[in-house]
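Quick notes on the structure that follows.
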């Protein structure tokens, strides 16, 4: 890997997390005006159409060949569950707080790997896991005003963890393009089945523009993410993932006037420190510097 590609990878990662923060901000904006099924259908239809337009001319029917059709459907269903939890979470939580809790996904993957695959987790990594969990509690802060919907970001974390574990298996079996295409196709088909019960025609031009922006931000974010990891080792890029929290808080402030309090900021710092520290500890335990940690 050429050294001069590292700045490109970092720039692409920053662009990716900015797109994801924009996606969450737009999702919160349309949450009360557009049914969730309709909004997600537009997003996944756009993802499927874009992926097909790029990959079908080059790969033809081989793009549709999969050795693990059941797992491909399960992965797509998990991604859809994650999107549904995110949509409803953003109705009750500020964008920045939601994003901070969702950033616990790498820690959930560590727990799943330890429980299901027997991977050893060192005391140092357990410490970072506890640090991240403490940060999540600071952000959510169960109390007299606690609503059950505030736990929905944890649903995002769990479904994302399962989604990413399946991603590792399926990209080895079927490749990245096929896996990404099936995710969009299956999610679109499932949402299409429910669309007649959720479609509304009386949507303003502004909300149609927001739906288009959601689709564009999601597609652009995933594209930048893939290109970033193709150019730069994951260990270098991991700290920049947590810039998404800053972008999300900026979007929440600009659009909704949401200003995080001191406890939320402290919780965000705990979550970011746990993610970066856990990545560095895992790389060191594998005998590789963090800058060259495998994805």
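The figures follow:
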| quantity | calculated |
| --- | --- |
| Residue within segment 101-108 that is under 22 Å from the mean Cα position of the chain (by Cα), surrounded by fewer than 17 Cβ atoms within 10 Å (Cβ to Cβ) and either closer than 27 Å to residue 276 by Cβ or at pLDDT below 80 (or both) present | no |
| Residue match in segment 28-45 (condition: farther than 28 Å from residue 232 by Cβ, surrounded by fewer than 16 Cβ atoms within 10 Å (Cβ to Cβ), touching a residue at least 60 places away in the same chain (Cβ under 8 Å) and out of contact with any strand residue (DSSP E or B) (no Cβ under 6 Å at 6 or more places or on another chain)) | yes |
| Residue check, residue 186 in a helix (DSSP H, G or I) and surrounded by 13 or more Cβ atoms within 10 Å (Cβ to Cβ) | yes |
| Per-region count, segment 119-129, residues surrounded by 18 or more Cβ atoms within 10 Å (Cβ to Cβ), in contact (Cβ under 8 Å) with a residue 60 or more places away in the chain and over 21 Å from the mean Cα position of the chain (by Cα) | 1 |
| Test: residue 192 is within 25 Å of residue 72 (Cβ to Cβ), part of a helix (DSSP H, G or I) and more than 22 Å from the chain's Cα centre (by Cα) | yes |
| Matching entry among 67, 59, 75, 43 (being part of a loop (DSSP other than H, G, I, E, B) and more than 16 Å from residue 241 (Cα to Cα)) | 67 |
| Members of segment 175-204 found to be within 27 Å of residue 17 (Cα to Cα) and without any contact (Cβ under 8 Å) to a residue 60 or more places away in the chain, listed by number | 175, 176 |
| Total residues in segment 210-266, condition surrounded by fewer than 19 Cβ atoms within 10 Å (Cβ to Cβ) and outside any helix (DSSP H, G or I) | 4 |
| Candidates 157, 200, filtered to the one that is more than 30 Å from residue 271 (Cα to Cα) and either crowded, with 17+ Cβ neighbours inside 10 Å or over 18 Å from the mean Cα position of the chain (by Cα) (or both) | 200 |
| Residue 64, sole failed condition from (1) modelled with pLDDT of 90 or more; (2) surrounded by fewer than 22 Cβ atoms within 10 Å (Cβ to Cβ) | (1) |
| Segment 130-143 - residue that is within 10 Å of residue 274 (Cα to Cα) and under 19 Å from the mean Cα position of the chain (by Cα) and, of those, surrounded by the fewest Cβ atoms within 10 Å (Cβ to Cβ) | 133 |
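The values are calculated or read from the model by the stated rules, or taken from the named source; none is laboratory data. Computed from a predicted structure; not experimentally measured. When we count neighbours, we look across all protein chains shown, and the Cβ atoms used for this are built from the backbone with ideal geometry, even at glycine.
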